[in-house]
Structure formats: structure tokens, C-alpha cells
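The structure appears right after this line, and notes come after that.
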Amino acid sequence: MSAAANAIHWSRLLAPFLGSPFSVHALDRDTAWSRPDARLYRYFEQQGGRLQAVHGHAEALPFADDSFDLVTCQTVLIHVRDPHVAIREMQRVARPAGWCCASSPTI
Ligand SMILES: C[S@@+](CC[C@H](N)C(=O)[O-])C[C@H]1O[C@@H](n2cnc3c(N)ncnc32)[C@H](O)[C@@H]1O
């Protein structure tokens, strides 16, 4: 399973449910949240997967089209200028049979 998620906390929560082996690209525009420490990398390895922290913006995801089985975010769409642009980006990088899932408080 390959997944793109925003960001470290959400990815950490999902990791045990992704099935092994898996890889997660965890993206955030804030470098404080796109630079995990060795402890987090170890946690993902223990779950049978791999974490890659990525600095970037939800409105212009730095990934190729059709890259991931799952593209997900949690409490992010309320922060972006135009959530429609971010949702279109999520769709773009999800594989044709992949999933997009956004969890958010009411916008
Ligand atoms: C309330 S936190 C949610 C944390 C995250 N979902 C997690 O579980 O780790 C919102 C996060 O969205 C990030 N964010 C806000 N606007 C963004 C954007 N346009 N692109 C990427 N990340 C963004 C913020 O830097 C912040 O870390």
C-alpha cells in the first residue's frame, strides 16, 4: 500500500492499518511537521512500513499523477485558501482505483 497523508500525526495513526509492506509520504507546508525524528522512522519500520517526510503545499502536491493507493488528510482543508484546488490535487495523485479521504471539522 502506498499512501500520501498530511502529516505526521495522521500518518502515525494510520500506519497500523495500512498493511505491510507500506510506504507513506507525509506532507506538510510547515518544516517543523515535515521533518520527523529518528524515533518516528523507527516506529514506521516497526509497523512494517516506510515513512518519507515531504515539505510541500496541498494545492500543488510534489507527486506524479496516479501515484498512491490512498491520499488522505486530517484537519487541513479548513486551512487552505481554496479547498477545491487541494481536493483536485488529491484526486490527481491518487491511482485510478485509489482512495481519497479528507477528514475535517465543518468548513
Ligand atoms: C490542524 S494541523 C493537522 C495536522 C495533521 N493533519 C496531522 O495529523 O499531522 C494542520 C496542518 O496543516 C498544515 N497545512 C495548512 N495549510 C497547508 C497547505 N496549504 N499545504 C500543506 N499543509 C498545510 C499546517 O502546517 C498544519 O501542520
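Can you name every residue in segment 55-88 that is under 16 Å from residue 2 (Cβ atoms) and either more than 15 Å from the ligand (Cβ to nearest atom) or buried (at least 17 other Cβ atoms within 10 Å of the Cβ) (or both)?
61, 63, 64, 65, 66, 67, 68, 69, 70, 71, 72, 73
If you check every pair at least six apart or on different chains, which have Cβ atoms under 8 Å apart with a residue in segment 1-16 that is modelled with pLDDT of 90 or more first and a residue that is part of a helix (DSSP H, G or I) and not hydrophobic (A, V, I, L, M, F, W, C) second?
12/43; 15/43
Filter segment 89-107 down to the residues that are assigned to a loop (DSSP other than H, G, I, E, B) and surrounded by 12 or more Cβ atoms within 10 Å (Cβ to Cβ) and list them by number.
The one that is assigned to a loop (DSSP other than H, G, I, E, B) and surrounded by 12 or more Cβ atoms within 10 Å (Cβ to Cβ): 104.
Can you confirm whether residue 26 is touching a residue at least 40 places away in the same chain (Cβ under 8 Å) and assigned to a strand (DSSP E or B)?
No: the conditions fail for residue 26.
Determine whether residue 47 is more than 10 Å from the chain's Cα centre (by Cα), among the polar types (S, T, N, Q) and surrounded by 13 or more Cβ atoms within 10 Å (Cβ to Cβ).
The answer is yes for residue 47.
Is it the case that residue 21 is near the ligand (Cβ under 10 Å from one of its atoms) and either surrounded by fewer than 17 Cβ atoms within 10 Å (Cβ to Cβ) or over 16 Å from residue 1 (Cα atoms) (or both)?
Against the criterion (near the ligand (Cβ under 10 Å from one of its atoms) and either surrounded by fewer than 17 Cβ atoms within 10 Å (Cβ to Cβ) or over 16 Å from residue 1 (Cα atoms) (or both)), residue 21 does not qualify.
Please give the number of the condition residue 48 fails out of (1) in contact with a Ser or Thr (Cβ under 7 Å, 6 or more places away or on another chain); (2) over 14 Å from residue 8 (Cβ atoms); (3) within 9 Å of the ligand (Cβ to nearest atom).
Among (1) in contact with a Ser or Thr (Cβ under 7 Å, 6 or more places away or on another chain); (2) over 14 Å from residue 8 (Cβ atoms); (3) within 9 Å of the ligand (Cβ to nearest atom), the lone unmet condition for residue 48 is (3).
The values are calculated or read from the model by the stated rules, or taken from the named source; none is laboratory data. Since we're looking at a predicted model, the values are computed, not measured. As a convention, Cβ positions derive from the backbone with ideal geometry for all residues, glycine included, and neighbour counts pool all protein chains shown.
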